[in-house]
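What follows is calculated from the coordinates using simple rules that are stated; it is not laboratory data. Since the structure is predicted, the reported quantities are computational estimates derived from the model, not experimental observations. Virtual Cβ from ideal backbone geometry, glycine too; neighbours counted across all protein chains shown.
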Amino acid sequence: MRTPLAALALLAAASPAVAQDYRKDVQPLLRERCYACHGVLQQKAKLRLDTGAAMTAAGAVVPGKAAGSELIARVTATDDTRMPPEGHALTAEQVAKLRAWIDGGAKVPADDRPEPDPRDHWAFRPVVKPTPPAAGNPIDAFVVAGRGKLTPVGPADKRVLLRRVYLDLIGLPPTPAQQAAFETDARPDAYERVVDELLASPQYGERWARHFLDIWRYSDWWGLGAELRNSQRHVWRWRDWAVEAFAADVGYDEMVRQMLAADELYPTDPLKLRATGYLARPYFLFNRTTWLDEVVEHTGKGLMGLTTNCAKCHDHKYDPVTQTDYYRLRAVFEPYQLRTDLTPDLDEVKAGLARAFDANPDAKTPFHVRGDERTPDKTRVVEPGLPRFLAPTGLTIEPVKLPLLAVQPGLRPDIAAAHVAKASAAADAAKLRARAAAKAQAVVGGPSLGVVLALEKATKAADDALAAAREFEGHAKAGTVPPPALAQRFPGAVRTRESNLDTDAAAKARPYPTTSTGRRTALARWLTDRSNPLTARVVVNHVWLRHVGQPLVPTVFDFGRKGTAPTHPELLDWLAADFMEHGWSFKHLHRVVVTSGVYRLSSSAKGAEASAAADPENRKLWRMNPTRMTAQTIRDSLLHLSGELDLTRGGPPIPLAEQDTSRRRAMYFFQSHNDHHKLLSIFDDANVLDCYRRTESVVPQQALALWNSGFAIGAAGKIAGRIPAADDAAFVTAAFETVLGTTPSAAELTACVEGLAELRAANGGAPAERTRRARALLVQALVNHNDFVTVR
């Protein structure tokens, strides 16, 4: 006869609530801690724990007997048999849940199924362009279909929309004149014309290069004092390459190929070689493994949306990336090193070209046991390759024979011509000095014999140097290496093998290899092949995030199984396919997005309270997302509105000590892990270590900076001085239009006019001076308005 308590336990074991507990408490725990070794990816000890049937069949679970279940014995063990073997042990609460579930009969739902094959994960399937569910703009069709019964808000005000697209595409607000022109333009394609003008603007390249330099982790060099420990001194040339590439609408596929392998694909083109600054950026002085770890990690996250770095120490816990795959990917980069080529400035230290090349074609990749470089497995031979699940046939790698100018870059025609120009200038200067000295000697009876001889020796040395430079140029034009005696007259121009290669200086003079491995070219071509399921999806997701304020895939650097599924999967695939079909053109992608109805929606939730209640996070895109300006945009906008922004493009970075007085765009500031501009830091500047998505903090220091900093105060005064207005009401209206991109409401207009009167009365001095100071303070208040730093 059963006791009431026993009967109650049996009833609980048989009730649907137990199955619900499995889904709620047991399965998530097993998935987090056990599936990696005992799931679909692998079955260590021939054991699977991803279904109740598999656990019972293997004897890991004995229904009704937790004490006799191997699963409980292993998770509670205190010796080396404890599971899981890595990380912390299960907590007492977690073990109690497992015990209760097993003692209750280890019940699972009737539809209990094993984990799906990770190769069938949505991000690993080929990109297939879906058919939009309705006519019209495909973006709108997909979004409308996904909204269900949610009611969207109306379109944005014309002024708000214009400010939005200006800040979005060029990072600068429209002027009042541009606002007025757009408002009065009645042509049906007026907005589309504005979009095309902005995409053709030089400032577009700067704005969007800055976005992707965040993703690519751009940083100038840094170290301890003047010691270079990270990145490279001339990596700014890569930054300039990015600006020019976006402005010229170079396809993203070509950008990737140049960044990873321009030294193999375009070995004699210094303009394209700048792109390999992508590989110069991860440089680390003290540890090659740390250097290559960063290359592998961020190539995976930034270009593929995969956390390949998770497989450095063991097989990936969620994605089918093995530890061997990790080291195969590292082997792609193993031979590469960095070098600094001469530029026509003829000074490697002050103006060289930092670039990648395969310095050690025969370098072997170590396999680190548990990821520890102190314990390499010397029996393992690692060949270059990719994760097998993505590239089952591997990489097609073909060595690249390099031309003379790649092996001897000092023989480039522009370098040789620079030597001639330098020698010619020196010869002219020597002759002028000789003539001046002879003239001076003539005043006192003519030069002495010693002076004459010295001058002749100097007119001769200069001519000899010029003749040597011209001879050197002749070899360069003919494509031949000059003889050693001539080459030695141009240090660094020609690399020759030293007799003793044991010294550091000799190693630096060693000739560059005449053949490159072709490994990085193979990787770049695979990444940009249309059959690759990841690259296009990842990049259009980044663009969508920066246009719409939230990504389609929230985990922007992790498209794997631990990441978050897309909110609009069909839209993501349509955008990716369309992007590739149009030559991986960013400008085409921008046009598609910013001309959609979704992009043109108001960001206000007014009148759509029901939608706001049903979808407060706006996942269904029933309105536009307001976003905070980036740090650079806030600073640049203040200078732009005050008429002081210097639009000069490119060149070496502006040192930290000069940044407060500089009027250049902030993207040209020297940026490193050590040096931080205060205003930019306060407004969440890019983290040079990892910035796939900028943060948007709200802290008191931001308001204090815009109210109290000399920069903001000065900009407000200059903006006020540029606003012509006969009376206070006209000034207030123009100030709102200039600073906020909108017109004041009646209440705002009245309050501001009254405020100006009070400020004027509180100030001393002449009436004109009191008015000037009052208006400057009003503009300063508008600069501190949330609508100034917000893109609505």
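A few remarks follow.
- Proximal lysines relative to residue 477, as straight alpha-carbon distance under 22 Å, when same-chain residues fewer than 8 apart are discounted: 272, 401, 422
- Nearest-20 debye value, the range 705-791 charge dipole, Cβ charges on Lys, Arg, Asp, Glu: 380 debye
- Computed about the Cα centre, the dipole magnitude for the chain is approximately 560 debye when only Lys and Arg (+1) and Asp and Glu (-1) carry charge, each at its Cβ.
- Global form of the chain, assessed from the alpha-carbon gyration tensor, a/c cut-off 1.5: oblate
- Projecting the Cα atoms of 153, 640, 258 onto the charge dipole of the chain (Cβ charges, centred on the Cα centre) puts 258 farthest toward the positive pole.
- Segment residue 396-residue 314, length gained on full extension (0.36 nm per residue, minus Cα span): 26.9 nm
- With the charge dipole of the range 705-791 set up from +1 on Lys and Arg Cβ and -1 on Asp and Glu Cβ about the Cα centre, the Cα lying farthest toward the positive end among the listed residues 779, 713, 752 is that of 713.
- Value of [θ]222 nm, deg cm²/dmol, for the chain, DSSP H segments ≥ 4, -39500 (n - 2.57) each, nearest 500: -14500 deg cm²/dmol
- Between the C-alpha center of the range 59-91 and that of the range 688-717 there is a gap of 52 Å.
- Mean Cβ count within 10 Å, highest first, over the residues of peptides 698-704, 383-389, 104-110: 383-389, 104-110, 698-704
- Förster radius 45 Å - calculated FRET efficiency between residue 687 and residue 464, Cβ distance, rounded to 0.05: 0.25
- Straight-line cross-link partners of residue 312 among the aspartates and glutamates, defined as a Cα under 17 Å from its Cα and at least 8 positions apart when in the same chain: 86, 293, 294, 297, 325, 334, 372, 373, 377, 383, 558.
- Computed from the C-beta positions of residue 550 and residue 529, the FRET efficiency with R₀ = 41 Å rounds to 0.90.
- Most to least packed among 142-154, 294-306 [average Cβ atoms within 10 Å]: 294-306, 142-154
- Segments 402-411, 260-269 sorted - mean Cβ within 10 Å per residue, highest first: 260-269, 402-411
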